[in-house]
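These notes are about the structure you will find just below.
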Amino acid sequence: MFTTNSPGGVRAASLPPTKGNFVNRLWSRVGVRVTSVGLLVAGAAGGIYLTQDREVQQQSAEASVVAQVAVDDMQLLKQRQAEHAAARAFQREAEGDAAAKAATAAKAAAGKAHQLEQKVIATKKAQAEAAAKAAAEKKKAAAEDSGATPEFTGDIPASCNEFSGNRAIGCTLMLKEGFAISQFSCLEKLWKKESGWNHKATNPSSGAYGIPQALPGSKMKSSGSDWKSNPATQIDWGLGYIKGRYDTPCGAWGHSQDVGWY
């Protein structure tokens, strides 16, 4: 059936109402299905993309985490190495300080020990010297009391070996004074006559004293303060007296023979 609504009087044909609605519904369904299929395809593609993107993102995140862990481990390792190096350096420094302190203490202890040792040695030496001096004085005092001849500490020449006691001392000192050994025979006779070579001999009438019979005996102190007890001091004085007055022991012996004294 046609209608003429157009100006030319021709009516456009139109479908019956029932059939028109059916066609519209059919196209609507087709459109919906097509749209649904498109959405499904798009969703599937989007899902695949999203899945792949998530996997990539997850892998990227995991790689980032692994890299960060490696960086953290490296920093931790470096930190621990630095700490160990610092600890070793501190230990070496502490050991060096301890060694230096120990060396200083050992040196100080050694110095104190050396000072103490020197002090002990000096004390022992002083004690030994004091003991030796006391023994010498005791021996000297005993000799003075007994009238014995004190020990002579000088060297006796080989040419005087036949003599002993005060005569050996006289022979030695005579040679030291510069007289020849031949002069001792005169000296031996002279002082044998005067005192018998007794350093304690005293002349009861004149007061002459000692081996050379000095008058007074105190003249001999010019040769030593021990003139009363030491035969060497008396002989030294007597030889000086003979040399200054008679030139030689034989000169003094000749004068003694002539006048009875010298």
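Go through GLN115, GLN59, GLN52 for me and flag whichever is at pLDDT 85 or above and not small (Gly, Ala, Ser).
Result of the check over GLN115, GLN59, GLN52: GLN115.
Restricting to region 212-255, name every residue that is part of a helix (DSSP H, G or I) and among the β-branched types (Val, Ile, Thr).
THR233, ILE235, ILE242
Taking interchain pairs and intrachain pairs at least six residues apart, which have beta carbon atoms under 7 angstrom, with the first residue in region 233-259 and within 15 Å of SER182 (Cβ to Cβ) and the second part of a loop (DSSP other than H, G, I, E, B) and not hydroxyl-bearing (Ser, Thr, Tyr)?
Partner pairs satisfying both residue conditions: THR248/PHE179; PRO249/PHE179.
Listed here are the residues, each with its yes/no results for (1) out of contact with any strand residue (DSSP E or B) (no Cβ under 6 Å at 6 or more places or on another chain); (2) modelled with pLDDT of 95 or more; (3) over 18 Å from SER159 (Cβ atoms).
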position	(1), (2), (3)
SER185	yes, no, no
PRO204	yes, no, yes
ALA214	yes, yes, yes
TRP227	yes, yes, yes
PRO249	yes, yes, no
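The values are calculated or read from the model by the stated rules, or taken from the named source; none is laboratory data. As the structure is a computational prediction, the values presented were derived from the model and not from experiment. Backbone-built Cβ (ideal geometry, glycine too); neighbour counts: all protein chains shown.
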